[in-house]
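Quick notes on the structure that follows.
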Ligand code: ADP
Ligand code: MG
């Protein structure tokens with residue numbers, strides 16, 4: 001642990017919101033209506049280059065919807081999202097991917113008729129690095145990074161949930177994103193698998209990738225996040241350092257309320 005912590009220290013120090021170009025992603029007043037339902041009611045937040053931002057909140061608070069707005073999977077109703085100062089709205093998902101954003105899904109989406117390796121290779125093609133297009137090497141590298149090299153030639157049907165999530169994770173990494181969006185990658189994993197994933201996410205960040213992750217596993221949020229954003233009913237309820245934010249009385253209230261409702 002101490003060795004890993006000190007290796008990350010220079011990186012943490014380099015994260016400076018006030019430095020020119022310190023902001024990678026800016027969401028401004030992002031609103032999403034599904035019919036009469038306001039899934040997001042005007043979310044404004046910025047993600048700094050090199051940081052890990054956790055998105056937390058009760059079920060239905062709008063976390064996946066925000067990820068879907070950033071990745072272009074649904075159009076916003078209003079608001080704006082910029083990556084490196086350039087607007088992403090109106091872009092198709094593959095165009096957003098080409099700008100350097102990769103994601104995983106809450107329920108992994110693998111192509112069932114393709115091998116694990118082909119699944120990873122395919123999405124490398126949507127990434128910003130055209131050289132990755134034909135690079136089976138790169139796909140294998142990321143599978144190996146996720147501890148799944150020996151599954152490369154199997155079909156997704158032979159994988160368990162943890163492995164499916166990690167293949168999707170490898171697929172996102174193969175696109176060499178500037179910004180990685182992870183939607184509940186730890187949910188349903190055993191404690192050992194969670195530890196493994198925490199370590200992987202640290203290594204990904206240390207390699208320079210900015211990460212926004214949606215998570216219910218609080219020990220992972222505290223272990224990984226530089227800042228945490230709490231959503232409640234489509235609104236940004238709190239934003240700050242993980243430990244302080246999760247102890248904020250209004251955040252505790254929301255979680256207690258959700259627990260009573262469940
Ligand atoms: P979370 O990821 O925080 O659990 P979601 O972003 O999935 O929440 O959902 C936020 C709200 O938007 C919920 O009320 C959900 O039912 C609704 N919602 C999400 N996706 C759709 C959709 N495609 N069509 C209609 N309503 C949706
Ligand atoms: Mg969700």
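Quick note: the coordinates plus some simple rules give every number you see, no bench work behind them. None of these values were measured; they are calculated from a predicted model. Quick reminder, even Gly has a Cβ in these numbers, built from the backbone with ideal geometry, and neighbours come from all protein chains shown.
Quick check: the angle from helix 191-206's long axis to the longest principal axis of the chain, C-alpha only, nearest 10 degrees?
For 191-206 against the chain, the angle is about 90 degrees.
Taking a quarter of the surface of the convex hull around the Cα atoms of segment 141-262, what do you get in nm²?
8.8 nm²
Per the helix-only calculation at 222 nm, which mean residue ellipticity applies to the chain, given -39500 (n - 2.57) for every DSSP H run of n ≥ 4 and division by its residues, nearest 500 deg cm²/dmol?
So the helix-based figure for the chain works out to -11500 deg cm²/dmol.
Counting only Cα, what are the radius of gyration and maximum Cα-Cα distance Dmax of segment 216-262, in Å?
Every Cα atom of segment 216-262 included, Rg and Dmax give 10.5, 30 Å.
Between residue 98 and residue 137, with labels modelled 7 Å along Cα→Cβ, what's the label distance in nm to one decimal, could you check?
With each label placed 7 Å out from Cα toward Cβ, I get 2.6 nm.
Peptides 204-212, 27-35: what's the order by average Cβ count within 10 Å, highest mean first?
Going from most to least packed, we get 204-212, 27-35.
Taking only C-alpha pairs under 8 Å that are 6+ residues apart, what is the relative contact order of segment 147-262 in percent?
Relative contact order of segment 147-262: 17 percent.
If you count the DSSP beta bridges with both ends in the chain, what percent of them are antiparallel, to the nearest 5?
Among the beta bridges of the chain, antiparallel pairing accounts for roughly 55 percent.
So if each residue of separation counts as 0.36 nm, and I subtract the Cα-Cα distance between residue 239 and residue 89, what length gain in nm does that give?
Stretched fully, the residue 239-residue 89 segment lengthens by 51.6 nm.
Using Cα-Cα distances under 8 Å and only pairs 6 or more residues apart, what relative contact order does segment 28-94 have, in percent?
RCO, segment 28-94: 33 percent.
Rounded to the nearest 0.05, what FRET efficiency is calculated for residue 74 and residue 261 with R0 set to 22 Å and r the Cβ-Cβ distance?
Between residue 74 and residue 261 the formula returns 0.30.
If I model the chain as equal point scatterers sitting on the Cα atoms and use the Debye formula, what is log10 I(q)/I(0) at q = 0.10, 0.17 Å⁻¹?
-0.49, -1.45
With the contact rule set at Cα under 8 Å and sequence spacing of 6 or more, what percent relative contact order holds for the chain?
Reported as a whole number, the value is 23 percent.
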